Amino acid sequence: PEPERLAAEKDTLGLYLTGHPIIAYEEEISRFTRAKLVNLKPAPGSTAVAGLVVNVRTVTSRRGRMAIVTLDDRTARIEVVVYSDVYQQYRDVLTKDRLLVVQGEVTLDEVTGLSAMIANELLDLDAARAVFARRLVIRLSQPAFNNGFVADLSKALEGYRDGNTPVSIEYCRDDAAGCVNLGDEWRVKPTQELISRLRELGRADW
């Protein structure tokens, strides 16, 4: 089919022809969240879920502008209600095709009979890392630790040293292993850009 028609079918049917975009991040976001969407049940209290934004609909209520966001984690979809006060705070991240971690309460939609969620916090992946990550660990094997590694690592971290996440280096070879915790002056913002740069040096984890 023509590209325009194919794009329309993808949008309507929710098909991802090269695999769901969330797949590459599932291991990571499992550390931030408590459940897959397919397993959510109405319950009191707050829980955290993650998914790809597939639709954003804004409406005007008596309290102001609000949004209804459809989230998809490839196990199911759920509608997330973002009331006006929360919407004003997080509206910049409510864009289609963005991966979000949502904190809120799961309720029962009386109209559809399905689970829905009332959001109180919505974080993109970079913000979620900054909130939830306890440490950024760079795992290295012997071949990766060459003579220029220290300089390359310093250069990679330099532009991200205004964050709160500690950095550690784990080094492993056949006969030994060790871990070095970098000083507080090397705390970083663990953005996707930084993670990509570090993966060129070793294996970043947290």
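The values are calculated or read from the model by the stated rules, or taken from the named source; none is laboratory data. Keep in mind it's a predicted model, so treat the numbers as computed, not measured. Glycine also receives a Cβ, built like all others from the backbone with ideal geometry; neighbour counts cover every protein chain displayed. Side chains included, ligands, DNA and RNA excluded: accessible areas come from the protein's heavy atoms. Shrake-Rupley method; radii C 1.70, N 1.55, O 1.52, S 1.80 Å.
Here are the numbers:
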quantity	calculated
Dipole magnitude of the range 25-115 about its Cα centre (Cβ charges: Lys, Arg +1; Asp, Glu -1), debye to nearest 20	220 debye
Cβ-based charge dipole, the chain, positive-most Cα from Val38, Met66, Ile138	Met66
Extreme residue, positive dipole direction of the range 81-206, given options Val106, Gln89, Thr191 (C-beta unit charges)	Thr191
Calculated [θ] (222 nm, deg cm²/dmol) that DSSP helices of n ≥ 4 give over the chain, each run adding -39,500 (n - 2.57)	-6000 deg cm²/dmol
Asp85 accessible area, 1.4 Å probe, all protein chains in place, Å² to nearest 10	110 Å²
Where GluC sites (Glu not before Pro) fall in DSSP loop in the range 23-116, at most 11 other Cβ within 10 Å	Glu110
Solvent-accessible area, 1.4 Å probe, carbon plus sulfur percent, for the chain	49 percent
Mean projected area in nm² (Cα convex hull; one quarter of hull surface) for the range 85-206	10.7 nm²
Debye, to nearest 20: dipole size of the range 86-155, +1 on Lys, Arg Cβ, -1 on Asp, Glu Cβ	520 debye
The chain, accessible area per residue, ligands and nucleic acids excluded (1.4 Å, Å²)	60 Å²
Rounded Å value of the spacing that divides the Cα centres of the range 31-61 and the range 81-122	6 Å
Mean separation of Cα contacts under 8 Å, 6 or more apart, over the residue count of the chain: relative contact order %	16 percent
Interchain or long-range residues, amide H under 5 Å from Ala76's placed H	Leu37, Val38
Given charges at beta-carbon only (K, R positive; D, E negative), |dipole| of the range 39-194 in Debye	340 debye
Karplus-derived 3J(HN,Hα), 6.51/-1.76/1.60, for each residue of the range 170-178, Hz, glycine and proline x	9, 10, 9, 9, 4, 10, 6, 8, x
